[in-house]
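Undergrad: What follows is a single structure, and I will ask about it in a moment.
The values are calculated or read from the model by the stated rules, or taken from the named source; none is laboratory data. Nothing here was measured: the structure is a model prediction, and the numbers come from that model. Using ideal geometry, Cβ is built from the backbone for each residue, glycine included, and neighbour counts are taken over all protein chains shown. We work out accessible area using only protein heavy atoms, side chains counted, and drop any ligands, DNA or RNA first. Shrake-Rupley method; radii C 1.70, N 1.55, O 1.52, S 1.80 Å.
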Amino acid sequence: MMIKAEYIWLDGQKLTAQARSKTKILHHAVRSLYEIPEWGFDGSSTMQAEGHASDCQLKPVFFTGDPIRGEEHILVLCEVLQADGQIHSSNTRARLRTVAEKYASLESWFGIEQEYTLFRGDRPFGFPEVVFPGPQGPYYCGVGAENIYGRELVEEHLEACLRAGLVISGINAEVMPGQWEFQVGPLGPLGAADQMWIARWLLRRLGEKYGITVSFGPKPVTGDWNGAGAHTNFSTRRMRDTGGIEEVRAACEKLKLKHNEHIAVYGAGNELRLTGKHETARIDEFRYGVSDRGASIRIPMVTANNHAGYLEDRRPAANMDPYQVCARIIETVAS
Ligand code: ADP
Ligand code: MN
Ligand code: MN
Ligand code: MN
């Protein structure tokens, strides 16, 4: 028996970590995490170690069936440890693990909307070679070959995520041509962040087949074109319970006090996106409001109507690290 196990981990790129992966052949079926061996890699090639002491460890923490190679094969998400077994400085998951455990009684849920932009070569997929496409308007949730670029890849990605057992709540075409979104959750903090990293990996991996690259850049095209965010929807047990709207408002007041600490971990280059235009609030302002897509935090209409539910933090950029964002939100709301 040969099982192909694709080990996936986050590299050490300073501004925006990316998933890396490599394959290990296992000679036994895998039914639980504990049957997956630890492994290692060359950290000097991923900005995680120096050449003279290059080994880093891969510790499996979550796995799914592999929708690309077939479900008997697996995708294995890993935490990175130093050679001596200590948590590596790039391992942001370890911190979320600690925070999630400490505040487990909040029963936090996250639903993350991942926007992204497909590229072919140096321009967004669907952008003509010399001129710009027609102005924004018809593309969001659009249909028809005049509006939509890359649906084949997007559909294949959705199918792959579902086959891998990821909790995807939906997909949609976005405001700029070639721009799309999928949503992960609602799930607990580690589940949401782990699944987001697997879903991102699957998207980039499937793009290889089409010669399409995926940009998580917050502002892929300057000018009158929407940026790409990762709206992070959040609730605690008390927010979801009857009358939870008061908890939602209290959380918004706490988030206001920690605005800068949040922006610091909400993604590199986010200042190019959070301009106060294109459905964003300025990066140096904090505002929340019901149904307000120009606010930092939007209280969704359903939450206002039900007097309970969740809030939407609209600030995180598409390239944010969900481990850091979820940890920051929990810590602020628990404070
Ligand atoms: P938008 O109107 O902002 O585009 P979406 O439908 O794209 O909204 O995304 C809404 C997200 O909110 C989904 O990821 C969903 O899983 C998440 N969500 C729904 N209910 C909750 C909740 N109680 N707590 C946290 N997230 C939630
Ligand atoms: Mn959305
Ligand atoms: Mn969106
Ligand atoms: Mn949203």
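Undergrad: Could you list, in sequence order, all residues of the range 1-43 that are surrounded by fewer than 11 Cβ atoms within 10 Å (Cβ to Cβ) and charged (D, E, K, R)?
TA: Hits for the range 1-43 are K14, R31.
Undergrad: Go over the candidates A104, A94 one by one and state the one that is open to solvent by 20 Å² or more (accessible area, probe 1.4 Å), among the small types (G, A, S) and either more than 18 Å from E181 (Cα to Cα) or not assigned by TED's automatic domain parsing to the domain that holds I168 (or both).
TA: Every option except A104 fails the conditions.
Undergrad: Would you confirm whether or not the range 275-294 contains a residue that is within 19 Å of the chain's Cα centre (by Cα), more than 16 Å from ligand 2 (Cβ to nearest atom) and either of a type outside the set (S, T, N, Q) or in a strand (DSSP E or B) (or both)?
TA: Within the range 275-294, none of the residues are within 19 Å of the chain's Cα centre (by Cα), more than 16 Å from ligand 2 (Cβ to nearest atom) and either of a type outside the set (S, T, N, Q) or in a strand (DSSP E or B) (or both).
Undergrad: Still on this model: Out of G150, G178, G170, I need the residue that is within 14 Å of ligand 1 (Cβ to nearest atom) and not assigned by TED's automatic domain parsing to the domain that holds G70. Which one?
TA: Going through G150, G178, G170 in turn, the sole match is G170.
Undergrad: Of everything in the range 305-333 that's open to solvent by 30 Å² or more (accessible area, probe 1.4 Å) and not charged (D, E, K, R), which residue is nearest to V248 (Cα to Cα)?
TA: Y310
Undergrad: L106 versus (1) in contact with a Lys or Arg (Cβ under 7 Å, 6 or more places away or on another chain); (2) away from ligand 1 (no atom under 16 Å from the Cβ): which is the lone unmet condition?
TA: Unmet condition: (2).
Undergrad: Kindly indicate the residue of the range 229-243 that is within 12 Å of ligand 4 (Cβ to nearest atom) and either among the basic types (K, R) or part of a loop (DSSP other than H, G, I, E, B) (or both) and also most open to solvent (accessible area, probe 1.4 Å) among those meeting that condition.
TA: Going through the qualifying residues, I end up with H231.
Undergrad: In the range 264-302, how many are away from ligand 1 (no atom under 16 Å from the Cβ) and open to solvent by 70 Å² or more (accessible area, probe 1.4 Å)?
TA: Summing the residues that are away from ligand 1 (no atom under 16 Å from the Cβ) and open to solvent by 70 Å² or more (accessible area, probe 1.4 Å) in the range 264-302 gives 8.
Undergrad: Test L77 against the criterion of being open to solvent by less than 60 Å² (accessible area, probe 1.4 Å), over 20 Å from D11 (Cα atoms) and touching a helix residue (DSSP H, G or I) at 6+ places or on another chain (Cβ under 8 Å), and give yes or no.
TA: When the stated conditions are applied, L77 does not pass them.
Undergrad: Tell me, which strands (runs of 3 or more DSSP E) wholly within the range 137-216 include 1 or more residues that are within 14 Å of ligand 2 (Cβ to nearest atom) and surrounded by fewer than 16 Cβ atoms within 10 Å (Cβ to Cβ)?
TA: 168-173
Undergrad: So, of the residues in the range 244-263 that are charged (D, E, K, R) and under 23 Å from the mean Cα position of the chain (by Cα), which turns out to be most open to solvent (accessible area, probe 1.4 Å)?
TA: Selected residue: K256.
Undergrad: Further question on the same structure: Could you list, in sequence order, all residues of the range 297-332 that are assigned to a loop (DSSP other than H, G, I, E, B) and within 16 Å of ligand 2 (Cβ to nearest atom)?
TA: Across the range 297-332, the qualifying residues are P300, G309, Y310, R314, R315, P316, A318, M320.
Residue by residue, here is whether (1) within 16 Å of ligand 4 (Cβ to nearest atom); (2) outside the structural domain of T64 (by TED's automatic domain parsing); (3) modelled with pLDDT of 95 or more holds:
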{"site": "D224", "(1), (2), (3)": "no, yes, no"}
{"site": "A251", "(1), (2), (3)": "no, yes, yes"}
{"site": "H262", "(1), (2), (3)": "no, yes, yes"}
{"site": "R273", "(1), (2), (3)": "yes, yes, yes"}
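Undergrad: Something else about it: If only one of A308, A318 is away from ligand 4 (no atom under 16 Å from the Cβ), closer than 25 Å to A100 by Cβ, modelled with pLDDT of 95 or more and touching a Gly at 6+ places or on another chain (Cβ under 9 Å), which one is it?
TA: It is A308.
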